[in-house]
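First comes the structure, then the notes that go with it.
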Amino acid sequence: MAMSPDPARGNTLAVSDGRQNAFTGNTLAVASMLTWAAGFPAAEVLLQSWPPIALFAARMSLAVLVMVPIWVLLDGSARVLRARWGHALFVGGLGIGTGMFLILVAQKLTDPITVAIIASCAPLIATLLELAAGTRRLRWNFALGIAISIIGGLIATSAVAPAQLGLGAAFAVVSTALFCWASMATARDFPELSQLGRSTITLAGGLSTAAVLVPVAGFLGLEVMPTRQVDAAQMGMLVFYALFSLGLSQFFFIASVGKLGVALASFHINIAPFYVMVIMMSLGEDWNWTRALGAGLVALAVVLAQDRKPRPVQSFSASDEISGKN
């Protein structure tokens, strides 16, 4: 006889499947954030000899060259050709391209942990954008989260020289805001594309920013090439930075969304500063309890600012999300 849901005892099989999905989804989200966070130390090493604009252009070029063929293979050339490329150049160029370039400049002026802490406030910045658009009401938990976030940010960045912090932090905030805006615009303006298609087409738009910035910087006499010969070690870091920290991280995140839903999967973004700190410590950096306290307060602030209304976990699979059948 077929098993039917029992309001009193519940469906044992369904509970088991739900727990397995939760475990798998959270594991994928952790993998996504670990690969993304690992890109910060790689960028820290590369920035010692690569100007930010050169590293930005190389990363975008390598990621697009790999992701576009995968997109064509999975979704078909017809869907790729019918995509709104003109609008993608605007959204990706301004939000992804400019935002990614500014976050590299911010890391050059400060350090990867400071940038990661500021980037972890992305859900708060996105909420501010929603308030400005009139799609969200201001709640007490959000206001409290803003206050704690400011305090945490001040504590976490107190060890950085003020002359370096000011401009670098400003670039990081603007970069995070641009990423949030681009994410909202992508979800709103490209509903006909799969998640892979949306990610790839806006990355291609970001590459258009590099295509403009590099010749302009060269014309102005700025450095646009690495200052020393690129060896195998640097190429390995660049491949990791472009394909794993950008491409693979996005793939893991898409799969996690298929198991957990967007809201729960996005929570893991706020833990990335801790991963960066641990990775930097494994590379020889000292543990900084002031930074740890500040990062913890920022994470607490983001949790407090989240919507308390319960939302059901989405039931579509990762493959459906990638193919756009959600």
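Bear in mind that the values in this text are calculations on the coordinates, not laboratory data. For clarity, every value in this text was computed on a predicted model and none was experimentally measured. Quick reminder, even Gly has a Cβ in these numbers, built from the backbone with ideal geometry, and neighbours come from all protein chains shown.
Couplings 3J(HN,Hα) for the range 166-175, derived from phi with the Karplus relation 6.51 cos²θ - 1.76 cosθ + 1.60 (θ = phi - 60°), are x, 5, x, 5, 4, 4, 5, 5, 4, 4 Hz, where x marks Gly and Pro. A DSSP coil position with no more than 10 other Cβ atoms inside 10 Å describes the following trypsin sites (Lys or Arg not before Pro) in the range 176-236: ARG228.
Kirkwood-type hydrodynamic radius, the range 177-242: 14.6 Å, calculated from all non-identical alpha-carbon pairs.
Comparing Cα centroids, the range 44-102 and the range 191-207 end up 9 angstrom apart.
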